[in-house]
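Each value in this text was obtained by applying a stated rule to the coordinates, not by laboratory testing. These numbers were taken from a predicted model, which means no experiment stands behind them. Positions of Cβ are generated from backbone atoms using ideal geometry, with glycine treated the same way; all protein chains shown enter the neighbour counts.
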Amino acid sequence: MAWRSVWGNWRRTVITIAAIGFASFLTIIFSGVNDGTYGANIRLTCDLFTGYIQIQKKGYIENPTLTKTFSFTKELEDKLKSIPNLKGFTTRILTEGLVSFKDKTTAASIIGLSPEGEKKVSKLKERVRKGKFINDESIYDIVVGYKMLDNLKAKIGDTIVVLTSAYDGSMGNLKFRIAGTSKLGSPDMDAMSLFMHIDAAKELLAMNDRVCSVVISLDKLDDIPQAKKQVASVLPNDLVALDWAEVNPELKQMMDMDASSNMIYYALIIIIISFGIMNTVLMSITERFRQFGVMLAIGMRNVNLMSIVFIELLIIIFFGLLLGNVTGYITNYYLMIHPIPLSGEMGKFYEEYGFEPAIYSSVLPKIFISTSINTFIICLIVFLYPAFRVMKLEALKGIRYT
């Protein structure tokens with residue numbers, strides 16, 4: 001009976017299915033674009049510098065000083081190599097110092113890298129703007145941010161002096177040749193970053209075999225939770241494994257803030273569409289009050305009548321969600337394969353701060369599952385008032401209803 005009633009007025013049914021399908025379609029697109037764009041930028045950040053997971057000494061993230069460094073032993077290296085999910089790992093040294101060239105001096109964020117190790121975990125080499133990246137042949141060659149080069153009034157090939165506090169408390173200083181410049185996308189990093197060979201950094205800082213962190217790369221973001229547990233299980237008690245969000249909390253906070261503001265727009269869309277669905281369902285019920293009145297007059301109870309209407313709603317919700325999920329999947333998949341590039345000022349703004357200037361999407365199952373559940377709950381909520389009208393309907397009033 002419910003199935004026949006659903007298609008008895010096919011125009012009304014199609015309108016209701018379209019309303020539910022449109023609501024779920026918008027929600028899927030909105031969620032897919034958010035997850036896809038966030039995921040692309042997280043991967044960009046991880047692949048560029050932070051890595052997916054980092055090994056650090058306890059307390060280093062709160063107070064990054066050379067006293068909180070650790071020895072990267074052969075035993076630990078072998079244990080990391082035994083973990084199958086790791087794409088690669090490398091060691092790094094980070095500290096602050098001063099860079100001098102002639103009469104110019106500027107602050108620098110000094111990063112000691114292993115050229116071969118970085119090939120496995122980062123794309124820093126691709127950010128070299130001019131010149132060449134650091135290499136094993138000339139460990140006293142460095143790469144500086146292009147803004148630092150401008151501030152020093154220096155050029156590629158010039159020799160500069162780097163001064164910093166060493167691990168043993170002495171003042172470390174060495175001469176380096178500028179081999180290239182980089183553009184990371186962050187104005188601060190481009191004005192302060194200085195990349196040098198990790199062996200030169202150890203010599204400058206009297207670090208011996210000590211490092212500040214071990215940076216680990218993975219194939220997928222979804223591998224982080226399991227890989228983090230595996231890495232943590234092989235670490236000594238004084239070391240911890242941190243994921244990208246713990247290493248770069250500013251980016252995580254910015255994304256959380258953006259997600260919170262997006263939820264407001266999401267809620268407004270849902271509320272507007274919910275009223276549309278309720279109006280359509282209410283119309284489909286009230287226009288059949290005379291039919292319902294006759295059914296009540298021949299002995300059907302209100303609760304049975306409401307059950308029929310509820311089954312009708314379930315049928316309509318099913319087809320509406322099917323329509324929304326299929327169209328949403330096709331659209332999201334297309335945007336995932338063919339992201340929308342951002343040009344003009346917006347594209348420049350994204351590039352300036354190190355983000356991918358494009359809009360991506362995602363087809364993660366959780367998007368469709370959560371959308372279907374939320375849409376189903378909303379449809380049940382908006383059904384409450386029409387159901388109340390049916391439960392209160394009397395046979396005579398139904399028959400006389402116009």
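Values computed for the structure shown
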| read-out | value |
| --- | --- |
| Most mobile of GLU96, GLU312, GLU75 in a GNM of the chain (Cα contacts under 10 Å) | GLU75 |
| Gained length - ILE381 relative to ASP188, 0.36 nm times residue gap less alpha-carbon distance | 64.5 nm |
| Point-to-point label distance, LEU163-MET300, nm (Cα→Cβ direction, 7 Å offset) | 9.2 nm |
| Reported label for calculated Cα extents along the principal axes in Å given [x] 99, 48, 30; [y] 60, 55, 54; [z] 77, 61, 43 | [x] |
| FRET efficiency estimate (nearest 0.05) - Cβ-Cβ, SER261 to GLN291, R0 45 angstrom | 0.45 |
| TRP10, TRP244 arranged by Cβ crowding within 10 Å, fewest neighbours leading | TRP10, TRP244 |
| Extension reserve of the ILE271-LYS155 stretch, reckoned as 0.36 nm per residue once the Cα distance is removed | 35.9 nm |
| Residues SER370, SER213, sorted so that the one with the fewest Cβ neighbours within 10 Å comes first | SER370, SER213 |
| Of the trypsin sites (Lys or Arg not before Pro) in region 1-102, those whose Cβ has at most 13 other Cβ within 10 Å and which sit in DSSP loop | LYS58, LYS102 |
| Convex hull volume of region 53-217 per residue (C-alpha atoms, cubic angstrom) | 113 Å³ |
| Mean-position separation - Cα centroids, region 1-73 and region 118-132, in angstrom | 28 Å |
| Among ILE311, ILE142, ILE93, residue whose mean-square fluctuation peaks in a GNM of the chain (springs only between Cα atoms under 10 Å) | ILE311 |
| Segment ALA107-GLN226, length gained on full extension (0.36 nm per residue, minus Cα span) | 39.0 nm |
| Kyte-Doolittle mean at least 0.5 and Cα axial length at least 27 Å: DSSP H helices in the chain | 10-45, 249-286, 302-337, 365-392 |
| Inter-label distance, nm, simple model (7 Å from Cα along the C-beta direction), LEU44/LYS130 | 2.5 nm |
